[in-house]
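Q: Could you have a look at this structure, given as structure tokens, before my questions?
Where a number appears in this text, it was derived from the coordinates with a stated rule and is not lab data. Remember, it's a predicted structure, so these values are computed and weren't measured experimentally. Backbone-built Cβ (ideal geometry, glycine too); neighbour counts: all protein chains shown.
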């Protein structure tokens, strides 16, 4: 089995993608919330550095352990004939998609209509129709 196939089988790519999306979301929240409490840029930088340092260990844990219905198990302890990874893969895919689509959806909901190119109407709007 090639390295690529083994990484796919052990869900390393999925865990990496989920980690990146969730880390990005946490960084956005930190950069938004910390200035409200009077913090400078240092705590936000610490959040970015800690999340960056945690990326490689998360990939290593995804390689070593397998998520089963009974919980986390070492990869060599998992019975492949009994365990079907499709359900876990679907859950990871849903986590990635929901995490990736949530921030743009929230940003779209918070954007005023006037900045999206829609025209504002005023109370003094005149028409060409006779009164």
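Q: Once you have the Cα-Cα distance between residue 26 and residue 97, take 0.36 nm times their residue separation minus that, and quote the gain in nm to one decimal.
A: Gain on extension, residue 26 to residue 97, equals 24.0 nm.
Q: A further question on this structure: First measure r as the distance between the Cβ atoms of residue 8 and residue 46, then evaluate 1/(1 + (r/R0)^6) with R0 = 41 Å and state the FRET efficiency to the nearest 0.05. Working shown, then result.
A: Working: r = 34 Å, r/R0 = 0.82.
So the FRET efficiency works out to roughly 0.75.
Q: If you count, for each residue, the other Cβ atoms within 10 Å and average over each peptide, how do 1-7, 97-103 line up from highest to lowest?
A: Working: 1-7: 9.6, 97-103: 13.6.
Going by the mean number of other Cβ atoms within 10 Å, highest first, we get 97-103, 1-7.
Q: As a footprinting exposure proxy, order 96, 56 by other Cβ within 10 Å, with the fewest listed first.
A: Values: 96 19, 56 10.
Going from sparsest to densest Cβ surroundings: 56, 96.
Q: Using Cβ counts within 10 Å as a stand-in for footprinting exposure, how do 70, 31 rank, fewest first? Please report the intermediate quantities before stating the final value.
A: On the way: 70 8, 31 15.
By the 10 Å Cβ count, ascending, the order reads 70, 31.
Q: Evaluate E = 1/(1 + (r/R0)^6) for residue 36 and residue 64, where r is the Cβ-Cβ distance and R0 equals 25 Å; express this FRET efficiency to the nearest 0.05. List each step's numbers first, then the result.
A: Values: r = 39 Å, r/R0 = 1.57.
Rounded to the nearest 0.05, the efficiency is 0.05.
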